[in-house]
Amino acid sequence: MNFLLALLPADTRKLITLGKQIISALDTAEERRNAIDQGIKMLSDGKITPIEWTQWGKVLGVFQIGKK
């Protein structure tokens, strides 16, 4: 995988690294799929509303203070 990443432009590598770090904090494959699906959905129109940010934060577990 790292070999393929090295072939990509720097900005694309950074974006992939960011995405991997965001979902790596999630515990299950289902949580990761939900986070990815929600992120793609909120970006579909090219705009992200504050409500969409909040919904994605919930999917990512940002609002589960004290659980982990």
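Residue-level check: of (1) of a type in the set (Val, Ile, Thr); (2) touching a residue at least 12 places away in the same chain (Cβ under 8 Å); (3) part of a loop (DSSP other than H, G, I, E, B), ILE23 misses just (3).
Kindly indicate whether ILE36 is under 14 Å from the mean Cα position of the chain (by Cα), among the hydrophobic types (A, V, I, L, M, F, W, C), modelled with pLDDT of 90 or more and in a helix (DSSP H, G or I). Here the answer is yes, as ILE36 does meet what is asked. The set of residues from the stretch 39-61 being part of a loop (DSSP other than H, G, I, E, B) and among the basic types (Lys, Arg) comprises just one member, LYS47. In this structure, GLY46 qualifies as at pLDDT 90 or above and at positive phi.
Taking the criterion of being in a helix (DSSP H, G or I), loosely packed, with under 11 Cβ neighbours inside 10 Å and at pLDDT 90 or above, the residues of the stretch 5-20 that qualify are ALA10, ASP11. The set of residues in the stretch 45-63 that are surrounded by 10 or more Cβ atoms within 10 Å (Cβ to Cβ) and either acidic (Asp, Glu) or without any contact (Cβ under 8 Å) to a residue 12 or more places away in the chain (or both) comprises ILE48, THR49, GLU52, TRP53, THR54, GLY57, LYS58, VAL62, PHE63.
The values are calculated or read from the model by the stated rules, or taken from the named source; none is laboratory data. Keep in mind it's a predicted model, so treat the numbers as computed, not measured. Positions of Cβ are generated from backbone atoms using ideal geometry, with glycine treated the same way; all protein chains shown enter the neighbour counts.
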